[in-house]
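The values are calculated or read from the model by the stated rules, or taken from the named source; none is laboratory data. No experiment lies behind these values; they were computed from the predicted model shown. With ideal geometry, Cβ positions are generated from the backbone for all residues, glycine too; neighbour counts draw on all protein chains shown. All accessible areas refer to the heavy atoms of the entire protein, side chains included, with ligands and DNA or RNA removed. Shrake-Rupley method; radii C 1.70, N 1.55, O 1.52, S 1.80 Å.
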Amino acid sequence: MDTWNLLEEPSEAWLIPDFLSPDHASSLFKRVQSEVKWQEREIVLFGKRMLQPRLVAWQGDPGKSYRYSGSTWEPDPWSPSVLEIRNRIEEWFREKMDQRGGASFNGVLLNLYRSGSDSMGWHRDNEPELGPEPLIASVSLGAIRRFVLRNREHPESKHVLELPHGSLLVMGGATQRDWEHSLPKSARVQGARINLTFRRL
């Protein structure tokens, strides 16, 4: 597996494009899509309530509620497919990132982008319960989508990534303090994409 850091310290963004084999990723896509209790929920954006342009779910350990965009999510239990992915990520950290002392995750935010019309606006994963330098492990399944990072102080400084089917993107250090990210709409994308962002509250 190839890995490289896209950002300069103290920010970190590691991309592992072949984290899962194509066949394994395709199998997991189907299982996650069927096992997860997807919802279309409202968020508060610029003081207005609106439906999110995607389907969402929150899974985690008992009691690990998560609050963002004006909503509080109580965790659904870990589904078998999602738990399998979490365990694989934690195993990867033990093998490849042992200088960190491993990593463990007790919650995951899941997004189902039904087509290129679904999207995610500019944001940071900087909720207080995640701590000052959260470690986010993001797995992509399904259609390849464009992911954009931009520096908060210098918005012209951007990194544009294509996140492959079965890839893993890890963000750590000061990334959520100094950078924003988004998943823009794309008229070229017809297929669905599932994104799982594992985190520790």
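A compact table of results
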{"quantity": "Pairs where the first residue, in the range 12-36, is of a type in the set (Lys, Arg) and the second is surrounded by fewer than 22 Cβ atoms within 10 Å (Cβ to Cβ) and outside any helix (DSSP H, G or I), C-beta under 9 Å, 6+ apart", "calculated": "Arg31/Ser79"}
{"quantity": "Subset of the range 83-104 [closer than 18 Å to Leu201 by Cα, open to solvent by 40 Å² or more (accessible area, probe 1.4 Å) and at pLDDT below 90]", "calculated": "Arg100, Gly101"}
{"quantity": "Hits in the range 132-149 - residues which are open to solvent by less than 30 Å² (accessible area, probe 1.4 Å) and either closer than 15 Å to Gly172 by Cα or not basic (Lys, Arg) (or both)", "calculated": "Pro134, Ile136, Ala137, Ser138, Val139, Ser140, Leu141, Gly142, Ala143, Phe147, Val148, Leu149"}
{"quantity": "Identity of the residue in the range 150-201, of a type in the set (Asp, Glu) and either touching a residue at least 60 places away in the same chain (Cβ under 8 Å) or in a strand (DSSP E or B) (or both), that ends up most open to solvent (accessible area, probe 1.4 Å)", "calculated": "Glu162"}
{"quantity": "Strands (runs of 3 or more DSSP E) lying entirely in the range 1-77 (those with 3 or more residues that are modelled with pLDDT under 80 and under 23 Å from Asp118 (Cα atoms))", "calculated": "42-45, 48-51"}
{"quantity": "Residue that is nearest to Leu51 (Cα to Cα) [pool: residues in the range 61-82 that are open to solvent by less than 60 Å² (accessible area, probe 1.4 Å) and not hydroxyl-bearing (Ser, Thr, Tyr)]", "calculated": "Gly70"}
